[in-house]
Amino acid sequence: MLPAAVEGTSEGRTAVDNMTVRNVFVIGPDKKVKLVIVYPMSTGRNFDEVLRVIDSMQLTAKYSVATPVNWKDGDDCIILTTVSNEDAKEKFPAGWKEVKPYLRVTPQPDKIKSDSTSA
């Protein structure tokens, strides 16, 4: 695809002249774009990263957490600052480590075994 300002056709152009980019879009259930990753033509897409991001977005949509840099499924999460300590006691029964007043780290909520599963 050539910019509208370019006259003529693509004949005689090399692949370098016609370089494209590859885009990955993640669309949420609300039909809104939640993520766009843009890769140059020369770089392959990282499917593991796409799945990691989807896991993170699903987790953060369901629980009041954020995922830190290099987070992987099962790693600790960060409790959102909008959650008070009182509310956090109910939402995160496994507790948390307070690194700073605004930085509370907790085990991933959906990976914690509930008391009802213990014999």
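No value in this document is a laboratory result; all are computed from the given coordinates. Computed from a prediction, not measured in an experiment: that's the story for all the values here. Glycine also receives a Cβ, built like all others from the backbone with ideal geometry; neighbour counts cover every protein chain displayed.
Applying a DSSP loop filter and a limit of 10 other Cβ atoms within 10 Å to the trypsin sites (Lys or Arg not before Pro) in segment 34-87 leaves nothing. Beta-bridge orientation, segment 64-119: approximately 100 percent antiparallel, per DSSP, counting only bridges with both partners inside. For the chain, the longest principal axis of the Cα atoms and the long axis of helix 47-62 meet at an angle of about 40 degrees. Ranked by how many other Cβ atoms sit within 10 Å of their own Cβ, fewest first, the residues Asp75, Asp48 fall in the order Asp48, Asp75.
Judged by the ratio a/c of the largest to the smallest principal axis of the C-alpha gyration tensor, segment 64-119 counts as oblate, that ratio being 1.5 or greater while a/b is no larger than b/c. Note on Asp110 and Lys72: the extension gain reaches 12.4 nm, defined as 0.36 nm multiplied by sequence separation minus the Cα-Cα distance.
The label point for Thr82 and the one for Arg13, both projected 7 Å from the Cα toward the Cβ, are 4.4 nm apart. Counted by neighbouring Cβ atoms within 10 Å, the residues Lys32, Lys97 run from fewest to most as Lys32, Lys97. For the chain, the 222 nm mean residue ellipticity estimated from helices alone, with every DSSP H stretch of n ≥ 4 adding -39500 (n - 2.57) and the total spread over all residues, rounds to -6000 deg cm²/dmol. I need the shape label for segment 8-97. Rule: rounded when a/c is under 1.5, else prolate if a/b > b/c, else oblate, with a, b, c from the alpha carbon gyration tensor. Prolate, because a/c is 1.5 or more and a/b exceeds b/c. Counted residue by residue at 0.36 nm each, then reduced by the alpha carbon distance between them, the extension gain from Lys89 to Lys32 reaches 17.3 nm. When each of Phe25, Phe92 is scored by the number of other beta-carbon atoms lying within 10 Å, the sequence from fewest to most is Phe25, Phe92. If a/c stays under 1.5 just call it rounded; otherwise compare a/b with b/c (prolate if a/b is bigger, oblate if not). Do that for segment 19-62, with a ≥ b ≥ c from the square roots of the Cα gyration tensor eigenvalues. Here segment 19-62 falls in the oblate category.
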